[in-house]
Amino acid sequence: MRILLVNNNCIKSTLAMAEKLSDRLKTLGVEVIIDSGIADICTEKIDSIIVLGGDGTMIRAARQYVEADVPVLGVNMGTVGFLSNIKADELESCLGNFIRHDYSINERMMLDVSIYHNETLINQIYSLNELSIKSKTSRMISMDIKIAGRDHGIYRGDGIIIATPTGSTAYSLSSGGPIADPDLEVFIMTPITSYLLNKRPMVIDAEKEISLFPVRCEETLISIDGQVKFDWDENYVIKVKKAGHKLKMANLKKCFFFQTIIQRLQRNDGISK
């Protein structure tokens, strides 16, 4: 058995935990690879992944390793931990079950974001949370949007977010978008301070491709999961579709999404429960 440990190189406690966990797994006869975000890791013959950190670390791991198509366990060592199934102090007691594959799998849809320059594909990136396009300044931007190849109209404002159900609780939610059940396969398209009052958040079937064409996009930023960023060139076209792979999240504890989201949103608002 071969397990990949992913930690956050910027958080020293996750590196220490990865080294400690690696020693423990080796005593159980498990081969271990540690990814601290410094270099690409070959995922050939990886059986599973343990992510040590917060949501940002899980998002990076999902984007980087979703094609490995193996179970991923999130261990919260960050602040929010929406994407983690257990806390760091629960890992030791849960480790045996994880090695025995005694858990359920929750599959999460991801985005496949393709960026074209004059009809030539120049970049293709997976996203667990969202694609956002937004102005770097106070100046309004404009873009033309097509859904399933059909005109949807011009969007004007500070930008737009296209989120997965997983990402519906992140930037999209902060911008007024709805919370979506992560078992759904949909896009949530949320305008950022829209100039046009009739442009409201929309939920779109993920079988429909969304295309975005720049109309007025000076000083505009393309951001994927808040981690991968590009300037939007006037000749760029962005196409968003459902990724061919899903993130396979290992669930060692039975967690009901809607109860979890209430508790964590209350915690973020400073409401104890």
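Overview of values
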item: Degrees between helix 257-268 axis and first principal axis of the chain (Cα, 0 to 90, nearest 10); result: 80
item: For region 16-70, alpha-carbon Rg relative to the globular expectation (2.2 N^0.38 Å, N residues); result: 1.13
item: Selected from Q124, Q64, Q259 as most flexible by GNM, with the chain as the system and alpha-carbon contacts under 10 Å; result: Q259
item: Within straight-line cross-link reach of K26, lysines at Cα separation under 21 Å, skipping those fewer than 8 residues along the same chain; result: K45
item: From phi via Karplus (6.51, -1.76, 1.60), per-residue ³J(HN,Hα) for region 67-75 in Hz, x at Gly/Pro; result: 6, 5, 6, 10, x, 10, 9, x, 10
item: Check: region 109-201 dipole with +1 on Lys, Arg Cβ and -1 on Asp, Glu Cβ, in debye; result: 500
item: Cα pair distances exceeding 24 angstrom across region 111-242, given as percent; result: 18
item: Global geometry of the chain, whether rounded, prolate or oblate, following the gyration tensor of its Cα atoms and the 1.5 cut on a/c; result: prolate
item: Dipole magnitude of the chain about its Cα centre (Cβ charges: Lys, Arg +1; Asp, Glu -1), debye to nearest 20; result: 620
item: Region 69-223 - charge dipole about Cα centre, Lys and Arg +1 at Cβ, Asp and Glu -1, debye rounded to 20; result: 740
item: Hydrodynamic radius by Kirkwood, which averages 1/r over all alpha carbon pairs of region 32-160, in angstrom; result: 17.7
item: Rg and Dmax of region 83-137, Cα atoms only, in Å; result: 18.9, 54
item: Region 96-175: trypsin sites (Lys or Arg not before Pro) in DSSP loop, at most 10 other beta carbons within 10 Å; result: R100
item: In sequence order, calculated HN-Hα J values of region 94-109 (Karplus, 6.51, -1.76, 1.60; Hz; x Gly/Pro); result: 9, 4, x, 4, 5, 5, 7, 6, 8, 7, 9, 10, 10, 8, 10, 5
item: The chain: most fluctuating residue of F213, F82, F230 per GNM, C-alpha cutoff 10 Å; result: F230
item: Cα lying deepest toward the dipole's positive end in the chain, options M77, G56, Q227, charges on Cβ; result: M77
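Read-outs throughout are calculated quantities, based only on the coordinates presented, and are distinct from any laboratory measurement. Note that the coordinates shown come from a computational prediction; the quantities given were computed from them, not determined experimentally. Every residue, glycine among them, receives a Cβ derived from its backbone with ideal geometry; neighbour counts consider all protein chains shown.
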